[in-house]
Amino acid sequence: MQVLSAGKFNEKMLANYVPIYVMLPLGVVTVDNKFENVDVLEKNLKDLRAAGIDGVMVDVWWGIIEFKGPLEYDWSAYRSLFELVQKCGLKIQAIMSFHQCGGNVGDVVNVPLPQWVLEVGETNPDIFYTDREGNRNKEYLTIGVDNQPLFGGRTAVEIYSDFMKSFRENMSDFLEAGAIIDIEVGLGPAGELRYPSYPQSLGWVFPGIGEFQCYDEYLKADFKDAAISAGQPEWELPDNAGVYNDTPESTEFFRSNGTYLAEKGKFFLTWYSNKLLSHGDQILDEANKAFLGCKVKLAAKVSGIHWWYTAESHAAELTAGYYNLKDRDGYRPIAKMLSRHYAILNFTCLEMRDTEQDAKAKSGPQELVQQVLSGGWGENVEVAGENALPRYDSYAYNQILLNARPNGVNKWGPPKLRMYGVTYLRLSDDLLQEENFNLFKIFVKKMHADEDYCPDSSKYNHELGSLQLSKPKIPIDHLLEATKPVKPFPWDKETDMPVDPITRGLGGLIANIISGITSIWKRK
């Protein structure tokens, strides 16, 4: 019989412990930089703490903090928020949110980019992502201006770097106390390393393939230079890839034997996805410098674009910048890039099952999660994840649990595979409703391998060391070696720690599926 430690933990089972975090509401700090409804949030945080969660995730909005003008930061409201979270005994995952909130499903508040940035865009709209028709997207600055000194002499990368350095300076006490454990670096729309290829604000509806977002003057010029260097000056950006709500087969680019398989299509897709890799690499380099020596982990989020995953062209992934095909892995190069910064790969749509998706969308969320997590583990990167939609049913919880430990628990030590952590979307009145919250508490317990909340992260091999300097830059050719497909790790069919062995809640599941179909399956 196992002997429990003085802390009443089964030490061997703790090796299977997966910490669970909860996202705070998008508007927990208001757009005018105030921390309101403190008493309500304090009660909710104490309820979450009593439920056993390990911490919370919060967006730290660029558009709120640097609202007044360049290099004018106001961290006061966030300091008050962090003090409350710390007081309630919870850890903090802080997102450096360099994107706009508003215009997508789930965006209950509107937080634009700083006004002084938008003013630059009034005279130079090419600072924003642009589709082929010339529509501008103000969710996130185009990666074409990463190194263009258009913002009072600063480049976009310098802006992000200065913001992160100011965060470290103003939150140093929380960092030193170990209250802030993750810095997730926003790298695109919704904070995800991708292009804004499926914006609801421009009429996109699931399961549209989306559109390429590289028609601003800066990216157009970059592509032209790349084509000339390749000895193909006549090659142009695609003009046959359809519009947001097309299907793959309705376009010349994505249809069977389409342009995406031709030499010029492959060249474009390689350039398009490589720009994204370089963007993430450069900004994570700045994040590493900003937080060097802190006892904190860096993280980056990759979007779970599961629709058209089982179609030959993977069209929705390609427009988003994930050059992923049956014979080309589009995610492992990202993991390899993250590995040099000791960064966590955070992936979405953990709760989704293939059987819940509309057959017409040719979705494959389960296979997609398996591929991406396997690629991360194969590159020795820690992987974490989130659910894409709010769900309160046992089917969703069991799917998350399966992905968190794909081969189950090991009663004698660490499991074969284990996610570094899971963040649940999101704190709400619906989550705290009695029946939903009771099931959520069981889910938390199962994430912890049936152990109680453990305050000592070293007991489950999550002790935070000081962030090390990023390793030497990996040449793009070496990153692209990781595009060679490898067989994913095997997954069990079901979790061995279900929240309910009988899997109750069918009615709730049906309701959530209907809700998901009408509201799409992406949080922004």
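Points to keep in mind about this one:
- Residues that are among the charged types (D, E, K, R), open to solvent by 30 Å² or more (accessible area, probe 1.4 Å) and touching a residue at least 24 places away in the same chain (Cβ under 8 Å), drawn from region 246-282: 246, 255, 264, 275
- Region 220-231, residues that are assigned to a loop (DSSP other than H, G, I, E, B) and either surrounded by 13 or more Cβ atoms within 10 Å (Cβ to Cβ) or among the aliphatic types (A, V, I, L, M) (or both): 230
- Looking across region 284-309, the residues that are closer than 30 Å to residue 254 by Cβ and touching a Ser or Thr at 6+ places or on another chain (Cβ under 8 Å) come down to 301, 302, 303, 304, 306, 307, 308, 309.
- Flag if residue 239 is closer than 21 Å to residue 121 by Cβ and either surrounded by fewer than 20 Cβ atoms within 10 Å (Cβ to Cβ) or touching a residue at least 12 places away in the same chain (Cβ under 8 Å) (or both): no
- When 431, 464 are checked against the criterion of being within 22 Å of the chain's Cα centre (by Cα), under 28 Å from residue 353 (Cβ atoms), aliphatic (A, V, I, L, M) and open to solvent by less than 60 Å² (accessible area, probe 1.4 Å), 431 stands alone in meeting it.
- Residue check, residue 160 at negative phi, assigned to a loop (DSSP other than H, G, I, E, B) and either open to solvent by less than 10 Å² (accessible area, probe 1.4 Å) or at pLDDT 95 or above (or both): no
- Criterion (surrounded by 24 or more Cβ atoms within 10 Å (Cβ to Cβ) and touching a residue at least 60 places away in the same chain (Cβ under 8 Å)) met by exactly one of 363, 394, 374: 363
The values are calculated or read from the model by the stated rules, or taken from the named source; none is laboratory data. Only a predicted model underlies this, so the values are computations on that prediction, with no experimental measurement involved. Don't worry about glycine lacking a Cβ; one is built from the backbone with ideal geometry, like all the others, and counts go over all protein chains shown. Accessible surface is based on the protein model in full, side chains and every heavy atom, while ligands, DNA and RNA are left aside. Shrake-Rupley method; radii C 1.70, N 1.55, O 1.52, S 1.80 Å.
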